[in-house]
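Report on the following structure.
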Amino acid sequence: MAASPSSSSAASANIVLAIFEKKTNTVDMYRPLRNYVAYHYSEREAQNVEDDLQTLKQLRYEIERHLDPSLPARRDVLQTYFKSLCLVETRFPISPDPDHVNALTFVWFDAFKPKQKASQQNIHLEKAAVLFNLGAVYSQIGCSYDRNTVDGRRQASHAFIAAAGSFAFLRDNASMKASVGNSTTVDLTVECAGMLEKLMLAQAQECVFENTIAKGSTPGVCAKISRQVGIYYEEALAALNVAPLSQHFEKSWIVHVQLKAALFYAEACYRYGLELHDKEEIAEEIARLRSAVNVLTEAKKSSKGAAVQILDAIGKLEANINRNLERAVKENDRVYLMRVPSPSSLAPIPSFSMVKPMPMNEVLDASKEKMFASLVPDSSAKALSRYTEMVDDVIRTQAEKLQQASELTRVRLKEMELPDSILALEGNFTLPTSLKEDVEAVQISGGPAGLEAELQQLKDLRRVNQELLVQTEELLQKEAREDSQFRSQFGTKWTRPQSSTLTKNLQDRLNRFAGNLKQAAESDGRIERSVREHSALMSILDARPIESALPSLARPIMSFDQNEDAIVGSLKQSLRQLETLGAQRAGLEDMLKDMKRKDDILPKLMTSTGSYDDLFKKELAKYDHICDEIAQNIEAQEQLLLQIQAQNDEFSAIFNLEDYKASREKAYKQIEAAIAKFREIKENINEGLKFYVTLQDAITNVKQQSNDFVMTRNIQCREMIEDVQRQLAGLSFQDKNAGASFNSNYPSVGSQNQRASTQTDPRPQAPYYQPVEQPPVAPYGHHAPPPYGGPAHHQPPPPYHIPPSSTAPYPPPQVHQQPPGNHEYGQPAYPGWRGPYYNTQAQQPGSVPRPPYTIPSPYPPPHQSGYYKQQ
């Protein structure tokens, strides 16, 4: 035992115990294990595991010699060595048997009575001793931290928690095996491991208590944590006072633990008394403080050999308790006059544990270690495979029984429409999953109430398209009026073609767009009428939750015996029992799988010298009790289903379930019809939105071409006016070779020469079609375009010319550079009410036009409305 005192702000003695490690004798594991491999496997296999044997030898040497004084390094060595021992156990049968590794004897001395030792020819003693030393090192690490600081106490608490986990792992996994036989030591017994676990938890909780005091927590919280410290010390003290530990530890151990238990009980009473005083519960405060004084007084009688720090802490705490007790007694005598209860009649002080043993399964898991991976005895491997198949067969058979029972329950309940009818009676009924998902999808998309907003969006888009169309027409009409005015002013000298000749293709396209808009307006009207006509049908979809629109299962209006509640109650109880049986089946299946996962008989196979069949029979017997429980569960379920069938028949007769089912199915059909009509209208609206967005792109394209045309015509107009004015002034232009170009016709809209005329526009323009690669075109006036009156084959066809169609009222407007698969502008609107909305081609993912209200236009259109505002 080692003590580590330090100061603390808590009213307790910050002195904790550390456990010394067990000592051992030198053991050469290398030679016996190598000889075993060479004899039972081969010399080659012995050479293959040479490195693993050397590693194991080095680890054992470090365990014996303490080569690295660092506590964390010592902890790591112990953990690594324990994992190695787990691997050795499954491959090397160590025992006195002649066919086993019989030249190894492990010797370990008792940690508390070093003169006592255990000597065994098995690996269980070695594993248990290593686990003990791991817990001891963790306790020493906890004592090494500076517990005068908050962080130091926190780290110390974690180390003590790990120590508790190590001792708990020793108690649960190794103590019993190491205690088999005559040669054993008390420190590795289950009782000692359990006592050390509680002691480490007490010291960890004590560190938490000191930090709680340092943080200034309320007296009630401090009292709960302090009481748990005392409980852990009391449990450790109880183990120390009974065999086999009562005569094994020094008197100072018992005194230390006893005083600590009394100290923290009194501390809890003191802190709890402060809370009681604030609540003016003076009588109970007096009783609690008197109880604390009695405990401290009794503990001091056997304090011989105790640490000075603990005695000082007890003295300080006793003084504080007496001071508060005196104050409380005076107040009660003068003011409250309450009857003070006896300490034995008081309820226990509430406790709260802030610590628990650290799980060591992952820390000490050797399944991922590669040491001796190639060593598996052939006979053991085959036997293990056979046993695994037998276990799998048991689990498979039982799992099929459980699944069949669950499926039978599901089918029978569905036939009886349970528990749906009970839920309907209570108002908790829900739609079938598929129908409910459809309703939720409708409601998420806005529901019938949101159709009005979408109809308004159709109107807005139609108006925007109409405005763009009017603006484009006004632009061309204005240019035509100006051309006509100059033609009237200059007469025959105004030789350029008329605007109507050049804009014929544009006007035709605008006329087709106008026709499309007219047909689209008619289609929009049909949608609006459909929404109005079916609003009553679709209104059920706006109910939230949708179940509120369903008929309810009502109690009968008249009843002769008034036993409806009893029938419903008995049916509910039976359903709960059936649910409990189902949960039990799930638990039984999990138990089977968990038992198989933990069922590792390889060590037994490797050490067994008898018949494998006897071993298999014995091991498989542990599954029998689960199989019996499964059979009982299935039998109980069959009887319960018969009972539920009879109860449901009575329930159905009293509550007239047949009428309710008919009205419910009618409501289902109404909801389905409403969903179908909503989807139809929604699809038509979406098609309309797509049409308007696509048409807006087409009109915007034509408008931009019109802007370019007007700009080119304005440039030509200015140059021709200057030319005519010079002619009128008598100037000579004989030396100008290009002058004749103004007496020729001008190119039509969309011809290749339009590119040359638009180069004066400082705004970047993307070409509306891709002409064949040609040499650069000279600026306008230096390149003679083909005469307008020339033969048809000398004039390139207009880029927007579309052959007339006999199948549609308006041919679709063509947009140059449009990728294949996109909508063609100008498709005839509404070829059929039941058919596609605009008879447009389906767009591929990613080709949906951009939103209609964010389309940038390179030129601000005239007469811009406030609705269609550029961003």
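The values are calculated or read from the model by the stated rules, or taken from the named source; none is laboratory data. Quick caveat, the model's predicted, so the values are computed rather than measured. When we count neighbours, we look across all protein chains shown, and the Cβ atoms used for this are built from the backbone with ideal geometry, even at glycine. Note: areas computed on protein heavy atoms with side chains; ligands, DNA, RNA excluded. Shrake-Rupley method; radii C 1.70, N 1.55, O 1.52, S 1.80 Å.
A few points about this structure:
- Hydrodynamic radius by Kirkwood, which averages 1/r over all alpha carbon pairs of segment 157-234, in angstrom: 13.7
- In segment 159-188, chymotrypsin sites (Phe, Trp or Tyr not before Pro) in a DSSP loop with at most 16 other beta-carbon atoms within 10 Å: none
- Protein accessible area in segment 350-479, 1.4 Å probe - carbon and sulfur %: 52
- Summary of the geometry: segment 467-532 and segment 664-702, compared by the centres of their Cα atoms, lie 31 Å apart.
- Loop-located trypsin sites (Lys or Arg not before Pro) across segment 284-321 with a Cβ neighbour count of 11 or fewer within 10 Å are Lys301, Lys304, with loop assigned by DSSP.
- Highest to lowest packing among 187-196, 106-115, scored as the average C-beta count within 10 Å: 187-196, 106-115
- Measuring against 20 Å, Cα to Cα, the residue pairs Lys117/Lys356; Lys436/Lys690; Lys57/Lys177; Lys57/Lys127; Lys251/Lys316 contain Lys117/Lys356; Lys436/Lys690; Lys57/Lys177; Lys251/Lys316 as the ones spanning a longer distance.
- Convex hull volume per residue for segment 442-538, taking Cα atoms only, in Å³: 96
- Here segment 148-294 is treated as a sphere whose radius is the Kirkwood value from Cα pairs; by Stokes-Einstein at 20 °C and 1.002 mPa s it diffuses with a coefficient of 129 µm²/s.
- FRET efficiency for Asn686 and Thr433, using Cβ-Cβ distance with R0 set to 25 Å, rounded to 0.05: 0.40
- Three-way shape label, segment 142-197, alpha-carbon gyration tensor, a/c 1.5: prolate
- Descending principal axes extents, segment 8-136, alpha-carbon based, whole Å: 67, 28, 22
- Once the 1.4 Å probe is applied to the protein heavy atoms, segment 6-89 comes out at 47 Å² accessible per residue.
- Reported value for segment 22-95: 95 Å³ per residue, from the convex hull of its C-alpha atoms.
- A probe of 1.4 angstrom, applied to the heavy atoms of all protein chains, finds Tyr61 with accessible area near 100 square angstrom.
- Surface per residue (accessible, 1.4 Å probe) for segment 158-240, Å²: 30
- The order of Val101, Val186 by accessible area, most exposed first and with a 1.4 Å probe, is Val186, Val101.
- Normalised by residue number, the volume inside the convex hull of the Cα atoms of segment 76-209 is 103 Å³ per residue.
- Here the simple spin-label model places points 7 Å from the Cα toward Cβ, and for Thr580 and Gln727 these points are separated by 11.2 nm.
- Computed over the Cα atoms of segment 290-373, pair by distinct pair, the Kirkwood hydrodynamic radius stands at 18.0 angstrom.
- For segment 223-291, fraction of C-alpha pairs farther apart than 21 Å, in %: 37
- Label point distance in nm, Ala214-Asp68, each placed 7 Å from Cα along Cα→Cβ: 2.8
- Calculated on alpha-carbon atoms, Rg and Dmax of segment 323-423 in Å: 32.9, 88
- Cα convex hull of segment 363-474 - mean projected area over all directions, nm²: 21.0
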